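**Student:** Attaching a single structure in structure tokens format; questions to follow.
The values are calculated or read from the model by the stated rules, or taken from the named source; none is laboratory data. Bear in mind that the values here come from a model prediction, so they are computed numbers and not experimental data. Every residue, glycine among them, receives a Cβ derived from its backbone with ideal geometry; neighbour counts consider all protein chains shown. These area figures cover heavy atoms from the full protein model, side chains too; ligands, DNA and RNA do not enter into them. Shrake-Rupley method; radii C 1.70, N 1.55, O 1.52, S 1.80 Å.
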Amino acid sequence: PAKLLMSESVGMVVVPGIEGYFGVLPDHMPLLSTLRPGVVSVHDGVTDAPSKQFFVDGGFAEVNPDGCTLLVDEAIAVEDLTADNIAERQSAAEERMQSAENDIERAAAERALLVAEEMTRAMTEAAA
């Protein structure tokens with residue numbers, strides 16, 4: 001791991017699982033899940049609104065009665081997402097798509113485009 005983003009007791013975490021979003025509460029039954037690009041919402045239990053939100057580019061979630069561990073390549077606070085940064089990512093992904101010489105490079109470029117699209121969605125929903 002490059003760094004620990006947060007480690008604290010919270011009321012609930014909502015995670016973008018590959019099959020859809022799921023909530024993790026204290027004493028949750030054990031599970032492993034693949035993550036898709038999306039927003040992780042941390043709820044402190046005091047209000048219904050999330051106290052923190054992070055965009056993740058995918059990864060894995062391990063849930064057990066003691067907590068929830070997310071392993072991701074990239075996590076960005078939703079409030080730090082900017083239209084300029086997302087546009088740069090999208091442009092770079094489109095260039096990679098055009099210059100892809102094989103299926104592996106094309107799949108990586110498609111994934112980068114998906115991440116940029118989901119970042120746009122996260123930024124738009126946060127602004128609403």
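**Student:** Scan region 92-123 for residues that are among the polar types (S, T, N, Q) and open to solvent by 70 Å² or more (accessible area, probe 1.4 Å) and jot them down.
**Tutor:** Answer for region 92-123, where residues must be among the polar types (S, T, N, Q) and open to solvent by 70 Å² or more (accessible area, probe 1.4 Å): Gln98, Ser99.
**Student:** Going through Asp48, Asp44, Asp57, Asp80 one at a time, which residue ends up being loosely packed, with under 15 Cβ neighbours inside 10 Å, closer than 23 Å to Leu5 by Cα and under 18 Å from the mean Cα position of the chain (by Cα)?
**Tutor:** Being loosely packed, with under 15 Cβ neighbours inside 10 Å, closer than 23 Å to Leu5 by Cα and under 18 Å from the mean Cα position of the chain (by Cα) holds for just one of Asp48, Asp44, Asp57, Asp80, which is Asp80.
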